[in-house]
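Novice: Take a look at the following structure, please.
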Amino acid sequence: MIDVITYDDGLPISVIVPHSIDKTRVNFFNDYVFPMLEANMPSEIIINDNQGTAPEKRNAGFAKSTQPFVFFCDNDIVLPATHLQKLYNVLNKSQWGFAYSGYMGIVLHPENHPIGRNFPIKTVEYNWTTLKRGNYISTMSLIKRELFPGFDETLKRLQDWDLYLTMGSRGVNGKAVFNNEFFAYYLDEGITSNTNNETQAIMTIINKHKLGM
């Protein structure tokens, strides 16, 4: 089911959440994620807990959205109360196509995570050359609706990197927003995690975008 929750006088932003029916994630979302999404005051929160991959859920959620800015938020992300406002202030009426910040990874089960501890992902200035070498931008960015190309549903990993490479190849650049980090909670293996080989996934992106050629 895709739930569309609307608010009067909110920011012109549609927040799109690829959700699940897993009890742990549902409880965490209801107790922590959703209240902070509401505190950010978007005009729409779209929750898609239909079967399918995360990219499929995001694209289907986008098809239901109506606002000029979209923000894809996983169901284990806790935003500061002013997070979307800060991104919007930078992106609105600017030449940038999307705005983003880094985050703090909170690992609740170190034994199930490759890093095994909490870790920061720093906010890094946008650079097209650096992006072609590897991704440093989270899925959780604010994007101008008309510039969103859709997630590639054929990819098993690195859909966020592919998204920003696709936009960059079309001349769409991003803008880093500092001092605006959010919290990413690793409750388990994650909604977008899988057992697909990372090296193979990287090569798929390299070949698709002809990187280094």
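Novice: Using a basic spin-label model with each label point 7 Å from the Cα along Cα→Cβ, how many nm lie between N118 and D9?
Specialist: 3.6
Novice: Still on this structure, I have one more. Along the Cα-to-C-beta direction of E146, a point sits 7 Å from the Cα; which residues of region 68-111 have their amide N less than 15 Å from that point?
Specialist: The answer is 68-70, 92-98.
Novice: Sticking with this structure for a sec: Taking the radius of gyration and the Kirkwood hydrodynamic radius from Cα positions alone, what is the Rg/Rh ratio for region 61-213, to two decimal places?
Specialist: Rg/Rh for region 61-213 comes to 0.94.
Novice: Restricting things to alpha carbons, find the Rg to Rh ratio for region 1-95 using the Kirkwood radius for Rh.
Specialist: Rounded to two decimals, Rg/Rh equals 0.96.
Novice: Counting alpha carbon pairs within less than 8 Å and at least 6 residues apart, what relative contact order, in whole percent, applies to region 2-209?
Specialist: Result for region 2-209 is 25 percent.
Novice: Neighbour counts of other C-beta atoms within 10 Å: give me S169, S20 arranged from fewest to most.
Specialist: Least crowded to most crowded, the residues run S169, S20.
Novice: Right, something else. First measure r as the distance between the Cβ atoms of S169 and Q85, then evaluate 1/(1 + (r/R0)^6) with R0 = 35 Å and state the FRET efficiency to the nearest 0.05.
Specialist: The value I calculate is 0.70.
Novice: Given the -39500 (n - 2.57) contribution per DSSP H run of 4+ residues, what per-residue ellipticity at 222 nm results for the chain, rounded to the nearest 500 deg cm²/dmol?
Specialist: So the helix-based figure for the chain works out to -8000 deg cm²/dmol.
Novice: Determine which aspartates and glutamates satisfy two conditions relative to K132: a Cα distance under 19 Å, and not lying fewer than 8 residues away in the same chain.
Specialist: Here the aspartates and glutamates satisfying the reach criterion relative to K132 are D152, D160, D162, E198.
Novice: Can you list the residues of region 144-174 with backbone N under 16 Å from a point 7 Å past the Cα of N127, pointing along Cα to Cβ?
Specialist: 174
Novice: Using Cα positions and a limit of under 12 Å, work out the aspartates and glutamates in reach of K175, with same-chain residues fewer than 8 apart set aside.
Specialist: E125
We did not get these values from a lab; they are worked out from the coordinates using the rules stated. All figures in this text were calculated on a predicted structure; none of them were measured in a lab. A quick note on method: Cβ atoms are made from the backbone with ideal geometry, for glycine too, and the neighbour counts reach across all protein chains shown.
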